[in-house]
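Shown next, in C-alpha cells, is the structure this report addresses.
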Amino acid sequence: MTDPPFPDDRALGDFAYKVAEASLSLVPLAGGPLAVLLGTILAPPLEKRRIQFLNDLARKVESLAGNVAAFQPEALAENEQFLSAVVATAQIADRTHVAEKREALRNAALNAAVTVWPDETFLLFLRLVDELLPSEVRVLRFLRNPGQWWAAQGRTRTTALDTNGAALFTAAFPERSPYETRKIWVRLTDRDLADPPPTMGDSVSYDRVYAGFATSLGSRFLRFISDPPRR
C-alpha cells in the first residue's frame, strides 16, 4: 500500500489545535477531563479533515503538473505565495465540512501557484473565501455573468426575466424569496464585490442585466476560487 500524498505526520502543523491545547494549560482545572476530551475526541476528526483536504489538493496538483510548469514540485517548493495559501486554506478547511467551501479553498491554493497576486489582494481574497457564505458566492457567480448562469439552466434570453428588480431576483433564484436574494446582493455590494442592486420596483433592461453586475474585484475573486487554467 502506498503512502498518502500528505502522510499523517502534521508536516504543516495543526496550529489551531496546538494553540487551543496551550490555552487550556493556562486555565485552572482545565487540564484534566477537558484535555482528555480534546486529545481523544476532537483531535482525530480535525486531523482527518486536514489530511482529506491536503490529499485532495495533492491529487489536483498531480493532475495539473503535466501541463502547467507552475505545478512541478520544484516550482511549488519555491513559491512562497503558494505555500502561504496552503497553510491558510488548510486551517480554514479545518473549520468547515461544507464541500462547496472546501472546493473553493482548494482552488484558492491552486490559483496562488499560477497567478501572482498583490499581497493585499491575496490576503483580502483569503479572508473572503473564509467569510463568504456559499449562498453569497452563488449569487456573485450569477452577477458576474447572468446570461451564462441562465444558459446553464437551459433558459433563453427572452424568457429569463421581466423588467423589474423583483422579477430579476426571482428569475435568478426561484427557490429563494426575492427579498432574501436582494439582501445577499446588498452584502456583496458592501464588500465592493457587486454593483448596487435595483429595488423591487426598479425597471431593469435586458442589456443591463446581461452586462453583469459584478465589480472588477468580484470577478477577480471568483477567478481566485475557480478551477485554475490547465495550460
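Here, each number is a calculation from the coordinates, and none is a lab measurement. Owing to the predicted nature of the structure, the values given are computational and were not obtained by experimental measurement. Neighbour counts are summed over all protein chains in view; Cβ atoms, including those assigned to glycine, are modelled from backbone coordinates with ideal geometry.
Tell me whether segment 164-231 comes out rounded, prolate or oblate; compute the Cα gyration tensor, take square roots of the eigenvalues as a ≥ b ≥ c, and use a/c under 1.5 as the rounded threshold. Verdict is prolate for segment 164-231. Where does the charge balance sit around ASN111 when Lys and Arg score +1, Asp and Glu -1, over other residues with C-beta under 13 Å from its C-beta? Computed value for this residue: +3.
Taking the Cα of MET200, stepping 7 Å toward and past its beta carbon, and measuring to each backbone N in segment 166-193: which are under 18 Å? Answer for this model: 166-187.
Approximating the spin labels as points 7 Å out from Cα along Cα→Cβ, the ALA211-to-THR96 distance works out to 3.2 nm. Our estimate of slack between GLU175 and GLU120, defined as 0.36 nm per intervening residue step minus the Cα-Cα distance, is 16.2 nm. Near ARG144: Cβ cut-off under 12 Å, other residues only, Lys/Arg at +1 and Asp/Glu at -1. The net charge is +3. Inter-label distance, ALA152 to ARG59: 2.1 nm, where each label sits 7 Å from its Cα along the C-beta direction.
Sites listed here are GluC sites (Glu not before Pro) in segment 87-185 whose DSSP assignment is loop and whose Cβ has at most 12 other Cβ atoms within 10 Å: GLU175. Converting phi to 3J(HN,Hα) with the Karplus coefficients 6.51, -1.76 and 1.60 and the offset θ = phi - 60°, segment 164-178 yields 9, x, 4, 5, 4, 4, 5, 5, 6, 9, x, 7, 10, 5, x Hz in sequence order, with x at every glycine or proline.
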